[in-house]
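The values are calculated or read from the model by the stated rules, or taken from the named source; none is laboratory data. Model, not experiment: these values are computed from the prediction. We place every Cβ from the backbone using ideal geometry, glycine too, and count neighbours over all the protein chains shown. Heads up: the accessible areas ignore ligands, DNA and RNA and are worked out on the full protein's heavy atoms, side chains in. Shrake-Rupley method; radii C 1.70, N 1.55, O 1.52, S 1.80 Å.
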Amino acid sequence: MHGISRCCERKYNEKGKNAKRKRGRERERILSGLHNNQSSGYDPYLNTDAGTMSPFEHGEVFVLDDGGEVDLDLGNYERFLDVTLTKDNNITTGKIYQAVIDKERRGDFLGKTVQVVPHITGEIQDWIERVAAVPVDGKEGSADICVIELGGTVGDIESMAFIEALRQFQFRVGSENFCLVHVSLVPVLGVVGEQKTKPTQHSVQELRALGLTPHLLACRSAQPLEHSTKEKLSQFCHVPAAHILSIHDVPNIWHVPLLLKNQKTHLAILRGLNLSNRLHPELEEWTRRAERCDSLSIPVRIAMVGKYTGLSDSYLSVLKALQHASIACSRKLSIEWVAATDLEDSTRNETPDTHASAWSVLRGADGVVVPGGFGGRGAQGKILAAKYARESNVPYLGICLGMQIAVIEFTRSVLGLENANSTEFEPDTPNPCVIFMPEVSKTHMGGTMRLGSRRTYFQTPDCLVSKLYQTETFVDERHRHRYEVNPKMVSNLEKAGLRFVGKDETGQRMEILELPGHCYYVGVQFHPEFKSRPGRPSAVFLGKCAFQKCLRL
């Protein structure tokens, strides 16, 4: 899947299927989706990637195998399509302008005046065709269909170059290879509950004025579109009623592909791209998953202890990984949000009720997750959560910072070094158990962390995580961090009972920790949530054999 996403960020994803085209085979098709998201704001996305953006600005930063830092939309595409994308699948305005300016500096334009048209628009089209030819599903050859998501609202000045590029692109590839899906909101106003079509009418009108005519309308609404609404949209938007899709609320996200299939969306797209209409989506497994999710009744309560609890998108991949694991275990997931600062003594002194409520939620949870993050705010609360889980034999999973938190807590509580800390939180701590990695830049923020897929080697096959991954040798997972466990502290920590069962290729960087005798106390320096899939839950989130006793599975 190949996409351009919201907030002036441009994403490109593709799904390759077959080897190079032979005579008589279908030509590559280009499926273009233009989003009109009138219900949310957006940023002028001149960033080259999402790596330096705060979760409050744009949700989580999703990391790809090659170290590309992108936003959460690309993570959704990877999960739904079960593909492995690259940083080139993500385009921002900054990337495009940087590429054009680099060419100008090299003299590639032979003295011509560099302009938005044709140079910026041409670069966008070249990027689409270049990336669409790269397979992402493990098979050889270019994609059969390339999906482009152009985000923002029709009329945004930041999106004009991309809209113009797609207008040109439809002639570049031919009308039979270009299908435009326009996504729009159909709100319901007033007590009578009338579905209003004016927003869609006006956005389509403006889109047509810019040279793009939708082939399909995907109408987002709370309730299914009424027949009269479809007829009105068809009349004023010049789109057949059969090509107007009702994207209404469903019980869970797994129903969305089934919703589209039931409306014969695939047939409309196949006709638009002049492809064989004998192709049918294979959604049997997907259907079973959606139905199974609907039928879950036995709850499992997981306490998510972090500092961005007011914005769930900050931990979207962690939530999805927990959801994948809970469905596999036939449990109904209940996330209990716990603000780390609410667990701290300062909150008890200032707002006792908030402090008591946070601890009540934590103590009532079946498991505790401390996700990744940066900065010292809430660190003490996370340490207290890790201590509670360790001492109370409650399942604990620490991810990236969550693993470092577990090390800090163990160093303080078990080794007796009460002033032990991370140099991220206390640069001059006398007992640094977590330190800044020597190879990481201290002056530049963007793209300078330890990023992407790295190999972790198991130090012994006799460890829980090795059994969960069903391998005795190594596992490849994605990383995003600047700090690591101080290797000088490892010997004392292991003598005290903490086991570092996974290390990098040098044996000096700690990747996985376990606590023998505990029902499930695991910390990982990597981010396993980024590779979790609906049908293949991440091993450390699933942890089925370890959770049997604690969660009574």
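Computed quantities for the displayed model
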quantity: Every residue from the range 425-441 that is in a strand (DSSP E or B) and crowded, with 17+ Cβ neighbours inside 10 Å; calculated: 432, 433, 434, 435
quantity: Some residue of the range 222-241 being among the aromatic types (Phe, Trp, Tyr), open to solvent by 10 Å² or more (accessible area, probe 1.4 Å) and farther than 30 Å from residue 296 by Cβ; calculated: yes
quantity: Hey, residue 376 open to solvent by 20 Å² or more (accessible area, probe 1.4 Å) and either farther than 17 Å from residue 435 by Cα or out of contact with any Ser or Thr (no Cβ under 7 Å at 6 or more places or on another chain) (or both) or not; calculated: yes
quantity: Every residue from the range 453-463 that is surrounded by fewer than 20 Cβ atoms within 10 Å (Cβ to Cβ) and in a strand (DSSP E or B); calculated: 453, 454, 455, 457
quantity: Filter result (basic (Lys, Arg) and either within 27 Å of the chain's Cα centre (by Cα) or surrounded by 24 or more Cβ atoms within 10 Å (Cβ to Cβ) (or both)) within the range 495-546; calculated: 503, 509, 531, 533, 536, 544
quantity: Single residue of the range 116-142 satisfying the filter (part of a loop (DSSP other than H, G, I, E, B) and charged (D, E, K, R)) that is surrounded by the fewest Cβ atoms within 10 Å (Cβ to Cβ); calculated: 140
quantity: Matching entry among 310, 272 (being closer than 30 Å to residue 214 by Cβ and either in contact with a Lys or Arg (Cβ under 9 Å, 6 or more places away or on another chain) or not hydrophobic (A, V, I, L, M, F, W, C) (or both)); calculated: 272
quantity: Selection within the range 410-424 - over 27 Å from the mean Cα position of the chain (by Cα) and surrounded by fewer than 21 Cβ atoms within 10 Å (Cβ to Cβ); calculated: 412, 413, 414, 415, 416, 417, 418, 419, 423
quantity: All positions within the range 335-388 that are over 23 Å from residue 60 (Cα atoms) and outside any helix (DSSP H, G or I); calculated: 344, 351, 364, 365, 366
quantity: Pick from the range 384-409, criterion among the hydrophobic types (A, V, I, L, M, F, W, C) and surrounded by fewer than 24 Cβ atoms within 10 Å (Cβ to Cβ), ranking: farthest from residue 496 (Cα to Cα); calculated: 400
quantity: Count of the range 480-494 residues which are of a type in the set (Ser, Thr, Tyr) and either open to solvent by less than 20 Å² (accessible area, probe 1.4 Å) or in a helix (DSSP H, G or I) (or both); calculated: 1
quantity: Output for the range 464-479, where each listed residue is open to solvent by 30 Å² or more (accessible area, probe 1.4 Å) and either over 17 Å from residue 537 (Cβ atoms) or touching a His at 6+ places or on another chain (Cβ under 9 Å) (or both); calculated: 472, 473, 474
quantity: Selection within the range 305-327 - assigned to a helix (DSSP H, G or I), within 21 Å of residue 478 (Cα to Cα), at pLDDT 90 or above and open to solvent by less than 40 Å² (accessible area, probe 1.4 Å); calculated: 315, 316, 317, 318, 319, 320, 321, 322, 324, 325
quantity: Answer residue from the range 438-460, given it is modelled with pLDDT of 75 or more and of a type in the set (A, V, I, L, M, F, W, C) and is nearest to residue 524 (Cα to Cα) among those; calculated: 458
quantity: Scope the range 159-168; condition surrounded by fewer than 18 Cβ atoms within 10 Å (Cβ to Cβ) and not charged (D, E, K, R); matching residues; calculated: 160, 168
quantity: Odd one out for residue 298, checked against (1) buried (at least 21 other Cβ atoms within 10 Å of the Cβ); (2) at pLDDT 90 or above; (3) not polar (S, T, N, Q); calculated: (1)
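Yes/no per residue for (1) surrounded by fewer than 17 Cβ atoms within 10 Å (Cβ to Cβ); (2) in contact (Cβ under 8 Å) with a residue 40 or more places away in the chain; (3) farther than 30 Å from residue 252 by Cα:
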site: 73; (1), (2), (3): no, yes, no
site: 91; (1), (2), (3): no, yes, no
site: 110; (1), (2), (3): yes, no, yes
site: 144; (1), (2), (3): no, yes, no
site: 157; (1), (2), (3): yes, no, yes
site: 170; (1), (2), (3): no, yes, yes
